[in-house]
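Data first, discussion second: the structure below is written as structure tokens.
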Amino acid sequence: MIKKEFKFFYEAYDSIVELAKEDAGLLIEARKSTQNAYAPYSHFQVGAAARLMNGLIVSGSNEENASFPAGLCAERVVLASVSSRYPGLALKAMAVSYQNINGDSDRPIFPCGICRQSFQEYEHRYKQPIRLVLSGLEGMVFVIPHAGSLLPLAFTAEELG
Ligand code: THU
């Protein structure tokens, strides 16, 4: 038997002012997009913005539904939007921000399990790591250079044969 270990590193910044210009610009777009959330059930407003390989920015927000499982996270709204509007164009980075029902928004949130699987799909499809920039409307920012590292031992298209 051998023990295998999984490690990953991410960057923690005190605030948006410490970020590189591209990351800061993307985070500003994600923060703005929280305002477009359709979240009448959870009142948890999430905004996401992706930077494509050609520099274009595509943003989106969460879309809820009275039948709760039919809702979509902001991250997957953006992934589907990029994929359908700009087929063949890979994503380079995505920023995600939010605001909860109490207005609290001073620490980063992490993508849910389904979104992690979706990021995995796009990284695999385009052979391009997606950089994640995660932050509330203020405060700390986490940068994860490779979204796939949030889902170790992932199920991928390779297994389908
Ligand atoms: N949500 C996102 O849009 N992204 C996340 O990373 C976490 C959760 C949404 C789904 C639902 O509309 C609401 O936030 C509460 O879970």
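Residue 149: net charge of surrounding residues, Cβ under 13 Å, Lys/Arg +1, Asp/Glu -1, itself excluded?
Numbers: positive: 7, 116, 131; negative: 11, 123.
Neighbour charge sum, excluding residue 149 itself: +1.
Carbon and sulfur together cover what percent of the accessible area of region 4-126 at a 1.4 Å probe radius? List each step's numbers first, then the result.
Values: 3500 of 6650 Å².
The value for region 4-126 is 53 percent carbon and sulfur by accessible area.
Just the accessible area per residue of the chain, please: how many Å² with a 1.4 Å probe? Numbers along the way, then the final one.
Values: 8950 Å² over 161 residues.
On a per-residue basis, the chain sits at 56 Å².
Here the 3J(HN,Hα) profile of region 136-151, calculated from phi with Karplus coefficients 6.51, -1.76 and 1.60 at θ = phi - 60°, is x, 6, 8, x, 3, 10, 9, 10, 10, x, 8, 3, x, 5, 7, 9 Hz, Gly and Pro shown as x.
The length gained on full extension between residue 80 and residue 3, counted as 0.36 nm times the residue separation minus their Cα-Cα distance, comes to 24.0 nm.
For residue 31, what charge total do you get from the other residues with a beta carbon under 13 Å from its beta carbon, if Lys and Arg give +1 and Asp and Glu give -1?
Values: positive: 32; negative: 23, 29, 106, 138.
Summing Lys/Arg as +1 and Asp/Glu as -1 gives -3.
Report the charge-dipole magnitude of region 1-132 in Debye, nearest 20, computed about the Cα centre from +1 at each Lys and Arg Cβ and -1 at each Asp and Glu Cβ.
Numbers: 15 positive and 14 negative charges, 104 e Å.
My answer is approximately 500 debye.
With one equal scatterer per alpha carbon and no solvent term, the Debye-computed log10 I(q)/I(0) for the chain at 0.09, 0.10, 0.17 1/Å reads -0.29, -0.35, -0.99.
The values are calculated or read from the model by the stated rules, or taken from the named source; none is laboratory data. Note that the coordinates shown come from a computational prediction; the quantities given were computed from them, not determined experimentally. Virtual Cβ from ideal backbone geometry, glycine too; neighbours counted across all protein chains shown. In case anyone asks, the SASA skips ligands and DNA or RNA and just uses the protein heavy atoms, side chains included. Shrake-Rupley method; radii C 1.70, N 1.55, O 1.52, S 1.80 Å.
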